[in-house]
Amino acid sequence: MSDLISLAGQSAIVTGASSGIGAATALELARAGADVAVNFHGSEDAAEDVAARIRALGRNAVTVKANVSVEHDVVSLFDTAEAALGPIDIVVSNAGLQKDAAIADMTIEDWNAVIALNLTGGFLVGREAVRRFRKKGMRPNVSRALGKLIFDSSVHQRIPWAFHANYAASKGGLHLLMQSLAQEVACERIRVNAVAPGAIATKINAEERDDNEEGMLKLIPYGRIGEAADIGRAVAWIASDAADYMVGETLFIDGGMSLYPEFRGNG
């Protein structure tokens, strides 16, 4: 089993990896043995900190600035990662954005920004990943798959989310993008899957957790808010040969949030 979950000899790209779930994912991939390209669009210092932590684990790391909603940035990201780390075996499309508003108040700019990063960015990263996997070719001594593409979705690909219509729409679209790509390329031994986090403790929801943690916990049967590493460990498993027969699936990592616990009642 230890051989199956090892990512030794493999290289990965994680988008949006300077903080939160992306940073934790990059670190967990490194702990499993992979070298990692840490993509960022905001703070270079934060990305360099993640890369330094990866190197402290004995793995290679490179930071690459790119806006994944821009086509030439995505191509440049893969070029830089391959130049530094060699052929890419694992791609995690994690970069995402929220711009919340009631539907009557939501601007077209905020709608377009979220769709561009969360959904179009997923398309651009996924398309380039498939191209690079094909170019790389099979390396059976490294992995049973030609490549592993993993999208970071959300429980809101399934659960409607009032006042977050742009975000929920982007994640719903990402779900069918993932499944459609999986259906198209599985015959080439390219595995496409997704993770769907629930409530995870990150900077994005720090204020909400401070103001309403008790209310959040009512939506989580397991009784705790998730940690970014919970998602990172799941991604590392999906990327490994231990999950080699997992294709076109979304792994919900949400403490039971997608069970709609409000319908449980009092038993």
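Table for the structure above
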quantity	calculated
Unique match (being modelled with pLDDT under 95 and either hydrophobic (A, V, I, L, M, F, W, C) or surrounded by 17 or more Cβ atoms within 10 Å (Cβ to Cβ) (or both)) among Leu85, Leu97	Leu97
Selected residue (criterion: surrounded by the fewest Cβ atoms within 10 Å (Cβ to Cβ)) from residues of region 196-207 that are among the aliphatic types (A, V, I, L, M) and in contact (Cβ under 8 Å) with a residue 12 or more places away in the chain	Ile204
Residues that are under 21 Å from Phe263 (Cβ atoms), in contact (Cβ under 8 Å) with a residue 24 or more places away in the chain and surrounded by fewer than 16 Cβ atoms within 10 Å (Cβ to Cβ), drawn from region 208-229	Lys218, Pro221, Tyr222, Gly223, Arg224
Elements of type helices (runs of 4 or more DSSP H) in region 1-59, at least 2 residues being buried (at least 21 other Cβ atoms within 10 Å of the Cβ) and in contact (Cβ under 8 Å) with a residue 40 or more places away in the chain	20-31
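Residues are listed down the side, and each one gets a yes or a no for (1) buried (at least 18 other Cβ atoms within 10 Å of the Cβ); (2) among the hydroxyl-bearing types (Ser, Thr, Tyr); (3) assigned to a helix (DSSP H, G or I):
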residue: His156; (1), (2), (3): yes, no, yes
residue: Trp161; (1), (2), (3): no, no, no
residue: Met178; (1), (2), (3): yes, no, yes
residue: Arg191; (1), (2), (3): yes, no, no
residue: Ala194; (1), (2), (3): yes, no, no
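The values are calculated or read from the model by the stated rules, or taken from the named source; none is laboratory data. It should be emphasised that the depicted structure is a prediction, and the values quoted were computed from it without experimental measurement. Cβ atoms come from the backbone with ideal geometry, glycine included; neighbour counts cover every protein chain shown.
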